Each structure stands twice: as structure tokens, then as C-alpha cells.
Amino acid sequence: MSPKIVCPILAKELQDFHKGTALIQKVEIAIKAREDCIKQIEAYSTQYFSNAEVLPPSNEQIDTVVNLLTNLRHLTIYTVE
């Protein structure tokens, strides 16, 4: 690539990086959010479903876990894209 093409691209990337809006920064945030979501799913699963035979989880508890799984799916798709 010629410098006439590369310089504006690099300038834009550096500008985005300093603003905190660079793609790599967005991916890093998505990865951290995904890790937090996984931790929440593990915690809720242990809390809600470890004694499911004795005391079944409520609809609200199931909805909470389903929402977390949905969030995880979206975060995973965003991270991969």
C-alpha cells in the first residue's frame, strides 16, 4: 500500500484508539463482559439448579439464566465478528 493510503488509515486508527473507540478496544470490552457473564451464569446455575430435584427453580430464576445465556450469545457473536 502506498503512504497516501496508509497514512490516513493509521491516523484514523490512532485517533480511534485515543478516543477509546478502536475496534480492538471494543473487542477487549466484549471479552471482559463475556467473562463476567459466564461467571454470573455459573453462580446462578449453582444457586438455582444445584437443588432442582428438591426445590425446582422459579420462572423468574429460569428467566434470569436464560437472559444471561442470551447476553452471552450476543457477546460471543460480537466478539467473533
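The values are calculated or read from the model by the stated rules, or taken from the named source; none is laboratory data. For clarity, every value in this text was computed on a predicted model and none was experimentally measured. Quick reminder, even Gly has a Cβ in these numbers, built from the backbone with ideal geometry, and neighbours come from all protein chains shown.
Can we say F49 is out of contact with any strand residue (DSSP E or B) (no Cβ under 9 Å at 6 or more places or on another chain), surrounded by 11 or more Cβ atoms within 10 Å (Cβ to Cβ), of a type in the set (F, W, Y) and at pLDDT below 85? Quick ask: steps written out before the conclusion?
Working: out of contact with any strand residue (DSSP E or B) (no Cβ under 9 Å at 6 or more places or on another chain): yes; surrounded by 11 or more Cβ atoms within 10 Å (Cβ to Cβ): yes; of a type in the set (F, W, Y): yes; at pLDDT below 85: yes.
For F49, the condition - out of contact with any strand residue (DSSP E or B) (no Cβ under 9 Å at 6 or more places or on another chain), surrounded by 11 or more Cβ atoms within 10 Å (Cβ to Cβ), of a type in the set (F, W, Y) and at pLDDT below 85 - is met.
Going by the structure shown, is K39 of a type in the set (D, E, K, R) and at pLDDT 85 or above? Lay out the reasoning, then the answer.
On the way: of a type in the set (D, E, K, R): yes; at pLDDT 85 or above: yes.
Against the criterion (of a type in the set (D, E, K, R) and at pLDDT 85 or above), K39 qualifies.
Looking at region 20-42, is at least one residue out of contact with any Pro (no Cβ under 8 Å at 6 or more places or on another chain) and at positive phi?
As a first pass, look at region 20-42 and keep what is out of contact with any Pro (no Cβ under 8 Å at 6 or more places or on another chain): 20-42.
Applying the additional criterion that residues be at positive phi yields 20.
Scanning region 20-42 turns up at least one residue that is out of contact with any Pro (no Cβ under 8 Å at 6 or more places or on another chain) and at positive phi.
Using beta carbons and a limit of 9 Å, which pairs, at least six apart or on different chains, have the first residue in region 35-55 and in a helix (DSSP H, G or I) and the second one surrounded by fewer than 11 Cβ atoms within 10 Å (Cβ to Cβ)?
Y48/S58
Provide a single number: the residues in region 7-29 that are under 19 Å from T76 (Cα atoms) and part of a helix (DSSP H, G or I).
Number satisfying all stated conditions: 7.
Condition first: assigned to a helix (DSSP H, G or I), modelled with pLDDT under 85, surrounded by 15 or more Cβ atoms within 10 Å (Cβ to Cβ) and among the aliphatic types (A, V, I, L, M). Can you find one or more residues in region 66-79 that meet it?
yes
For region 23-46, what are the residues that are of a type in the set (A, V, I, L, M, F, W, C) and either farther than 30 Å from N67 by Cα or within 16 Å of the chain's Cα centre (by Cα) (or both)?
Across region 23-46, the qualifying residues are L23, I24, V27, I29, A30, I31, A33, C37, I38, I41.
Pick from K32, K4: which is among the basic types (K, R), assigned to a helix (DSSP H, G or I) and modelled with pLDDT of 80 or more?
Values: K4 fails: modelled with pLDDT of 80 or more.
Step by step, each of K32, K4 is checked, and only K32 is among the basic types (K, R), assigned to a helix (DSSP H, G or I) and modelled with pLDDT of 80 or more.
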